[in-house]
1. Between a first residue in region 40-52 that is touching a residue at least 12 places away in the same chain (Cβ under 8 Å) and a second residue that is of a type in the set (D, E, K, R) and surrounded by 12 or more Cβ atoms within 10 Å (Cβ to Cβ), which pairs have beta carbons less than 8 Å apart while being 6 or more apart in sequence or on different chains?
2. Any chance you could count how many residues in the chain are outside any helix (DSSP H, G or I), within 11 Å of the chain's Cα centre (by Cα) and basic (K, R)?
Amino acid sequence: MQLKSLPKTERPREKLIQKGTQNLKDEELLAILLGTGIEGKNVIEVAKQILN
């Protein structure tokens with residue numbers, strides 16, 4: 001699933017702006033730093049893989 005298909009309020013960067021870092025999951029913070037996923041995986045999936 002692409003992040004573009006998520007509601008804006010659920011996207012990591014928008015959540016950061018609205019709620020601050022303390023309200024984001026580790027994979028969401030890492031996803032912001034990574035910026036983009038890889039073919040077949042969105043950035044949140046890649047971030048989860050890295051953290052596991």
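1. Listed pairs, sorted by first residue: I44/E27; I44/E28; A47/E27; A47/E28; K48/E27; L51/E27.
2. The initial filter retains those residues of the chain that are outside any helix (DSSP H, G or I), namely 1-2, 6-7, 11, 20, 24-25, 35-42, 52.
Now restrict to residues that are within 11 Å of the chain's Cα centre (by Cα): 2, 6, 11, 24-25, 35-37, 42.
Still in the running and basic (K, R): 11, 25.
Result for the chain: 2.
Computed from the coordinates by the stated procedures, all read-outs in this text should not be read as laboratory data. Here the structure is a predicted model, which is why all the values come from computation and not from measurement. Don't worry about glycine lacking a Cβ; one is built from the backbone with ideal geometry, like all the others, and counts go over all protein chains shown.
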